[in-house]
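Have a look at the structure below, then the notes.
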Amino acid sequence: MWPAISRGAVVAAAITVPLAIVMEVLRRDRELSGSSLGFLFLALILCGFAVGGYVTAKTIETTPLMHAALAALLAFVIIQGFGIVRRLATDESIAWAGIVLNGLLAASFGMIGGWVAMLRSNRGD
């Protein structure tokens with residue numbers, strides 16, 4: 001169980017971290033202000049959590065959706081942990097409600113990835 005969850009979390013982090021770094025750089029350079037690029041990067045990051053959930057669910061036979069959500073949430077918590085430490089070190093404000101909302105989105109998209117894996121396994125793909 002935990003190897004599948006950790007594998008999915010690593011895959012999710014490998015996809016989302018580079019995207020989040022590029023998004024942060026563009027945000028700081030004001031390239032994203034008034035632009036749709038922010039929404040594009042958010043969608044890509046959420047898809048990264050879905051891929052992590054997919055990777056987890058395709059190797060778990062019992063409760064794949066729960067494990068897919070857990071893998072995505074684990075990746076999110078680890079990534080946000082670093083973000084919180086960075087913000088605390090630089091005296092930036094932390095939007096706690098936003099972090100909770102984004103964590104729920106990450107878990108939800110992990111479940112979507114798990115659902116896709118379940119559909120594919122039911123079809124025999």
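Rule-based calculations on the coordinates, nothing more; no lab input. No experiment lies behind these values; they were computed from the predicted model shown.
Of all the options VAL25, VAL51, VAL11, the one that moves most in a Gaussian network model of the chain with Cα springs shorter than 10 angstrom is VAL25. Within the listed set LEU88, LEU104, LEU46, the Gaussian network model of the chain (springs between alpha-carbon atoms below 10 Å) gives the highest mean-square fluctuation for LEU88. The C-alpha atoms of the chain define a longest principal axis, and helix 37-57 lies at about 30 degrees to it. For the pair SER35 and VAL17 in one chain, pulling the backbone fully straight at 0.36 nm per residue adds 4.4 nm over the alpha carbon distance. Compute the acute angle (0 to 90°) between the alpha-carbon long axis of helix 2-28 and the principal axis of greatest extent of the alpha-carbon atoms of the chain; round to the nearest 10°. The angle comes out at about 30 degrees. Choose one answer from ALA97, ALA106, ALA71: the residue with the largest mean-square fluctuation in a GNM of the chain with alpha-carbon springs under 10 Å. Of the options given, ALA97 has the highest mean-square fluctuation. Rounded to the nearest 10 degrees, what's the angle between the helix 64-89 long axis and the longest principal axis of the chain, both from Cα atoms, 0 to 90? Helix 64-89 and the main axis of the chain meet at about 20 degrees. Rounded to the nearest 500, the 222 nm mean residue ellipticity of the chain from helices alone is -29000 deg cm²/dmol, with -39,500 (n - 2.57) taken per DSSP H run of at least 4 residues.
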